[in-house]
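Contents: one structure, followed by commentary.
The values are calculated or read from the model by the stated rules, or taken from the named source; none is laboratory data. If you're wondering where the values come from, they're calculated on a predicted model, not measured in any experiment. All Cβ positions, glycine included, derive from the backbone under ideal geometry; neighbour counts span all protein chains shown. Each accessible area value is taken on the protein alone, full model and side chains, heavy atoms only, with ligands, DNA and RNA left out. Shrake-Rupley method; radii C 1.70, N 1.55, O 1.52, S 1.80 Å.
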Amino acid sequence: MTAEVIQERLKPIVKPYVNNQENFNNLSLKSNFIQDLEINSANLVDIVLDVEDEFDIRIENNDMEKMTNVEATVEVIQNLLAKK
Amino acid sequence: MDKKRVVITGMGVVAPNATGLSHFEKAIKQGKSGIQFHQELHDLKFSCQIGGVPKIPQELLDKNFTALEQRGLLATGLIYGGIAGQEAWRDAKLGVNEELDTDSGIIFGTGVLGVEKLREAFNRIDDKQVRRLGSTSVLQTMASGISAFLGGKLGCGNQVTSNSSACSTGTEALLMGFERIQYGKAKRMLVGSCSDAGPYVWGGFDALRILPHQFNDTPELASQPMSATAAGFVPSSGAGALVLESLESALERGANIYAEVLGGHVNSGGQRENGSMTAPNSTAVQSCITQALLDAGVNSEEIDLINGHLTATAMDSTEIKNWSQALNLSGKDFPYINSLKSHVGHALAAAGSIELVSSVLELKRGFIFPNINCERIHPEILKLVDEDKIPRQLLEMKVNVLAKASFGFGDVNTCVILKSYDNE
């Protein structure tokens, strides 16, 4: 799966947790979940669970810790999909 | 130090017979029952298959919970309390500031919160799926989840906590908030309580065999406080909320004043004498009432109406005896007395606050709601109280001073004295 496709599928997952709509509208690979999108840190675990369901993968703690922005998240998903 | 006068400037309610203040006022005037048969209780082989569960339209949920907050939301007590608390705040015309409001606090109690959510969590944990609990498991199942939720919604920066004293929780919350304002530690306190609905809350009471099992086909007739045929309390749920405010703060912002809180008292019977985990020590109940009158500076003859605890068990006549002895009044001199539990059942931790909302409406609008399901009053009660003092029809009349008491498991008691406010 290409990074672009993953990013497109990631957007609706992240959307309900976003508190800064403007930065979400200008989403880029560098968008940070907490700093830019102002997502409550507790909700990061919900995003991880939603990502697991969407891509049918299992994300362990060490991968979860990397998922702070769009780029790193796409990379984690891509690696896990490749291992399937 | 001069104690501050404290008034009620906003209310909200989620009850089995009506949700929202105006519907609730209409329902209690009509004596509308909120008790229904529940198939789920039948399927689970409960002996009592009836109960009170508020109806929450999606529109009301959307008004009080964001789409995100509604995800995985199973804690019914949090839903009821979240709605009632925010309704009370809006009713008091208090806005939601972006800045921290250090003058406003919350004391919003419960017995146990989010049992449905707990059940989901237990199942996931036992399935070795703890990692899939999600982020809201803690908020929905901690006892203070309700005050924490409301505190965040409203931006309250004063004390934000949840009290818990079984069926006296709601009345105790009012007294705690009242004292905080009296002593100048807060200007406004949102007080109230909530209780979850359903088999996981009610099961323990069904096991104690203290719920009526004879009315599964006639649920509306089941809750019979003060009746000769009272067969046990009907389990129920919901939430009530009141905004307490110092009189100066209320006058300063031109707020609508419903009533004044004159005083009250809280104590415990220590499970001594005739008291136990489940039965009240009468000495302590009477002392709670007399101390409340003393604190309020009111003579017993001044009380127009009692909103009793009166759950529809054999203890109802004991309660009446305690009121009669504490007030030293009987027969035609005994105040009017009613029990909202005849309409909505026993909402456990939420009972006190829902009943307080009904009491304040009576003071503000000038009426006494009817006791339903009480065609034949218990003979022990008739020995102490004249029949006319237990109205079975709506009475439209001025109520000046009202006493409200709640008693709970653990032999705990609360009594508060409220007065109508006439711009004096």
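Annotations for the structure displayed:
- Approximating the spin labels as points 7 Å out from Cα along Cα→Cβ, the B:Arg71-to-B:Asp43 distance works out to 2.8 nm.
- Listing of the range B:129-178 residues, each with accessible area lower by at least 10 Å² in the full protein assembly than in the chain alone (probe 1.4 Å): B:Arg131, B:Arg132, B:Gly134, B:Ser135
- Here the simple spin-label model places points 7 Å from the Cα toward Cβ, and for B:Lys3 and B:Lys128 these points are separated by 6.0 nm.
- Only Lys, Arg (+1) and Asp, Glu (-1) charged, at Cβ; the range B:6-259 dipole about Cα centre in debye: 220 debye
- Taking the range B:355-408 and dividing mean pair separation by its residue count, relative contact order in percent (alpha carbons under 8 Å, at least six apart): 51 percent
- Full extension of the chain between B:Asn328 and B:Arg272 gives 17.8 nm of extra length, using 0.36 nm per residue less the Cα-Cα distance.
- Overall form of the range B:263-420 per C-alpha gyration tensor (a/c, 1.5; a/b vs b/c): rounded
- Members of the range B:53-72 that become less accessible by 50 Å² or more once partner protein chains are added (1.4 angstrom probe, chain alone as reference): B:Leu68, B:Arg71
- Apportionment of accessible area to carbon and sulfur, the protein assembly as shown, percent (1.4 Å): 49 percent
- When B:Glu260, B:Glu396 are compared by accessible area of protein heavy atoms, the largest-first order is B:Glu396, B:Glu260, using a 1.4 Å probe.
- Averaged over peptide A:44-53, the number of partner chain Cβ atoms lying within 10 Å of each residue's Cβ comes to 3.
- Potential lengthening between B:Thr229 and B:Ala207 on full extension [0.36 nm per residue; Cα-Cα distance subtracted]: 5.8 nm
- Pairs of Cα atoms nearer than 8 Å and 6+ residues apart set the relative contact order; for the range B:263-420 it is 35 percent.
- Calculated P(r) tail over 15 Å for the range B:127-202, as whole % of Cα pairs: 65 percent
- Accessible surface area normalised per residue over the protein assembly as shown is 42 Å², counting heavy atoms of protein chains with a 1.4 Å rolling probe.
- Summed buried accessible surface, chains A and B, 1.4 Å probe, nearest 100 Å²: 800 Å²
- Since only B:Val115, B:Val401, B:Leu348 are under comparison, the one whose Cα sits farthest along the positive direction of the charge dipole of chain B, derived from C-beta charges on Lys, Arg, Asp and Glu, is B:Val115.
- Think of each Lys and Arg Cβ as +1 and each Asp and Glu Cβ as -1; about the Cα centre, that makes the dipole of chain B roughly 620 debye.
- Total charge dipole magnitude, the protein assembly as shown, about the Cα centre, Cβ charges on Lys, Arg, Asp, Glu only, Debye to nearest 20: 500 debye
- Comparing mean-square fluctuations of B:Val112, B:Val412, B:Val130 from a GNM of chain B with C-alpha springs under 10 Å, the top value falls on B:Val130.
- Alpha-carbon Debye profile of the protein assembly as shown, log10 I(q)/I(0) at 0.06, 0.12, 0.13 Å⁻¹: -0.32, -1.02, -1.15
- Both numbers refer to the Cα atoms of the range B:6-259; Rg and Dmax are 18.9, 57 Å.
- Residue-averaged [θ]222 nm for chain B, counting only DSSP H segments that reach four residues, each worth -39500 (n - 2.57): -10000 deg cm²/dmol
- Solution diffusion estimate, µm²/s, Stokes-Einstein, the range B:139-288, Kirkwood Rh from C-alpha pairs, 10 °C, viscosity 1.306 mPa s: 87 µm²/s
- Pairwise Cα distances in the range B:26-165 exceed 25 Å in 40 percent of cases.
- Note on chain B: with a GNM built from Cα contacts shorter than 10 Å, the maximum mean-square fluctuation among B:Thr229, B:Thr110, B:Thr169 falls on B:Thr229.
- Segment A:Lys66-A:Ser41, length gained on full extension (0.36 nm per residue, minus Cα span): 7.6 nm
- Stokes-Einstein diffusion for the range B:306-347 at 25 °C, viscosity 0.890 mPa s, with a Kirkwood radius from C-alpha pairs, works out to 226 µm²/s.
- The range B:6-259, relative contact order [Cα under 8 Å, separation at least 6], %: 33 percent
- Debye log10 I(q)/I(0) for chain A, one point scatterer per Cα, at q = 0.15 Å⁻¹: -0.47
- Fraction of alpha-carbon pairs over 27 Å apart in chain B - percent: 47 percent
- Amide H contacts under 5 Å for B:Leu262: B:Ile417, B:Leu418, B:Lys419, restricted to partners 5 or more places along the chain or on a different chain, H placed in the peptide plane at 1.01 Å from N.
- Debye-sum result for the range B:205-298 in log10 I(q)/I(0), which assumes one identical scatterer on each alpha carbon, at q = 0.14, 0.16, 0.23 Å⁻¹: -0.88, -0.99, -1.12
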